[in-house]
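Each remark here refers to the structure printed beneath this line.
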Amino acid sequence: MEFYSFLHKVQGFPLVDMRVFPPTERNSLSLKVQLSRWVKSGKLIQLKRGLYLLAEPYRKTSPSEFYIASVLKSPSYISLEKALEYHGFIPEGVTVFTSVTTKRPENLETPVGRYDYSHVKPSLFWGYTSLNLSGQTAFMATPEKALLDFFYLRHVKVSLDYLKELRLQNVKNIQLKRLAEYACRFKKKNLMQTVELVRQYIKEELKGVKRL
């Protein structure tokens with residue numbers, strides 16, 4: 001297949017997923033050889049096996065990094081540090097795209113960024129919403145689920161001092177009732193205790209705001 005014939009088929013998509021091709025075509029040796037050549041020549045960027053990004057001069061649409069995170073491993077949703085940054089809960093910028101999946105955990109280094117996936121059992125795969133990013137769909141944890149995923153998956157021993165070190169901000173946006181309801185679904189006593197510490201931390205933070 002010539003590159004411009006290939007381009008005609010895939011240029012309208014944000015990413016090139018080889019599954020759009022019929023099995024006989026995508027499994028053909030000639031196409032595999034061509035894909036390798038196009039990657040080496042810089043026309044294609046390989047994100048993982050079977051998933052590519054057109055080099056910038058050939059793109060009609062640039063994919064959102066959140067969209068890439070959702071496509072690299074499915075099902076998944078963005079959570080942990082990256083979701084906390086997105087919701088404005090931590091002051092630091094997070095370069096790694098952190099997600100939760102029911103599949104095996106994985107850290108993917110790609111030419112367009114690092115994408116880390118933490119495993120949860122299916123009973124904990126909830127608490128996220130869809131984002132429409134100019135026609136591209138990604139999935140993002142709610143603020144409360146992102147916090148609980150972070151404490152649960154990072155095995156954090158939470159204390160008031162730890163929450164201060166974390167420098168949680170915009171805490172007025174945390175829905176404590178939802179946080180408590182979500183924590184119950186984890187069925188972990190330490191997370192229920194964490195909710196009480198978060199509640200106390202928010203109370204102290206809001207008192208500080210009023211004093212100012």
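The values are calculated or read from the model by the stated rules, or taken from the named source; none is laboratory data. Keep in mind the model is a prediction, meaning the values are calculated, not measured. Neighbour counts run over all protein chains shown; Cβ positions are idealised from the backbone, glycine included.
The table for this structure:
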read-out	value
Residues (within 15 Å of residue 147 (Cα to Cα) and of a type in the set (Phe, Trp, Tyr)) located in the stretch 76-126	77, 86, 89, 125, 126
Qualifying residue in the stretch 64-73 (condition: free of Cβ contacts under 8 Å to residues at least 24 places away in the same chain and either surrounded by fewer than 18 Cβ atoms within 10 Å (Cβ to Cβ) or not assigned by TED's automatic domain parsing to the domain that holds residue 153 (or both))	no
Scope the stretch 1-17; condition in a helix (DSSP H, G or I), closer than 22 Å to residue 71 by Cβ and out of contact with any Asp or Glu (no Cβ under 9 Å at 6 or more places or on another chain); matching residues	6, 7, 8, 9
Of the criteria (1) crowded, with 22+ Cβ neighbours inside 10 Å; (2) under 13 Å from the mean Cα position of the chain (by Cα), which one residue 101 fails	(1)
Test: residue in the stretch 39-50 that is among the basic types (Lys, Arg), under 17 Å from residue 107 (Cα atoms), modelled with pLDDT of 90 or more and surrounded by 15 or more Cβ atoms within 10 Å (Cβ to Cβ)	no
Selection from the stretch 27-62 of residues that are among the charged types (D, E, K, R) and in contact (Cβ under 8 Å) with a residue 24 or more places away in the chain	43, 48, 59, 60
Among the candidates 163, 168, 206, 197, residue that is exposed (fewer than 14 other Cβ atoms within 10 Å of the Cβ) and either in a helix (DSSP H, G or I) or in contact with a Phe, Trp or Tyr (Cβ under 8 Å, 6 or more places away or on another chain) (or both)	206
Residue match in the stretch 182-197 (condition: more than 22 Å from residue 100 (Cα to Cα), among the hydrophobic types (A, V, I, L, M, F, W, C), out of contact with any Asp or Glu (no Cβ under 8 Å at 6 or more places or on another chain) and at pLDDT 90 or above)	yes
Selection count where residues are assigned to a strand (DSSP E or B) and under 23 Å from residue 185 (Cβ atoms), scope the stretch 99-137	10
